[in-house]
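Structure, as structure tokens:
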Amino acid sequence: MYLCVIAEDESKMEELVKIVDSCESGKWLDGEKIKADVKLPLPVIKAVFDIYESKGYGLCSKAIGVAKYVGKV
């Protein structure tokens with residue numbers, strides 16, 4: 001995450017955090033769609049999903065090869 005903050009456009013990172021932060025309870029976010037919309041690498045999106053999950057705000061999909069996040073119900 002640190003390298004992304006240094007190397008990427010700050011507005012892209014802010015948009016990503018805004019999207020994940022505003023995720024409604026029970027709504028799934030698709031990392032691939034966010035990747036296309038915000039133009040950030042998928043590992044960065046997954047890392048943000050993981051951070052939010054670790055704080056108890058939602059859950060990441062455990063399916064292999066899937067980058068999805070759901071707001072906690």
Name the residues in region 35-53 that are of a type in the set (Lys, Arg) and over 22 Å from Ser25 (Cα atoms), would you?
-> Lys39
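Each row is one residue, and each column tells you yes or no for (1) farther than 11 Å from Val20 by Cα; (2) acidic (Asp, Glu); (3) not in a helix (DSSP H, G or I).
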| residue | (1), (2), (3) |
| --- | --- |
| Leu40 | yes, no, yes |
| Ile45 | no, no, no |
| Phe49 | no, no, no |
| Gly56 | yes, no, yes |
| Leu59 | yes, no, yes |
| Gly65 | yes, no, yes |
| Tyr69 | no, no, yes |
Filtered residues of region 23-53 (kept if closer than 21 Å to Glu8 by Cβ and among the small types (Gly, Ala, Ser)) | Gly31, Ala36, Ala47
Subset of region 15-73, residues of a type in the set (Ser, Thr, Tyr) and surrounded by 12 or more Cβ atoms within 10 Å (Cβ to Cβ), comes to Tyr52, Tyr57, Ser61, Tyr69
Filtered residues of region 22-34 (kept if part of a helix (DSSP H, G or I) and touching a residue at least 12 places away in the same chain (Cβ under 8 Å)) = Gly31, Glu32, Ile34
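Every number here is computed from the coordinates shown, using simple stated rules; none is lab data. Because the structure is a prediction, the values reported are computed rather than measured. Neighbour counts are summed over all protein chains in view; Cβ atoms, including those assigned to glycine, are modelled from backbone coordinates with ideal geometry.
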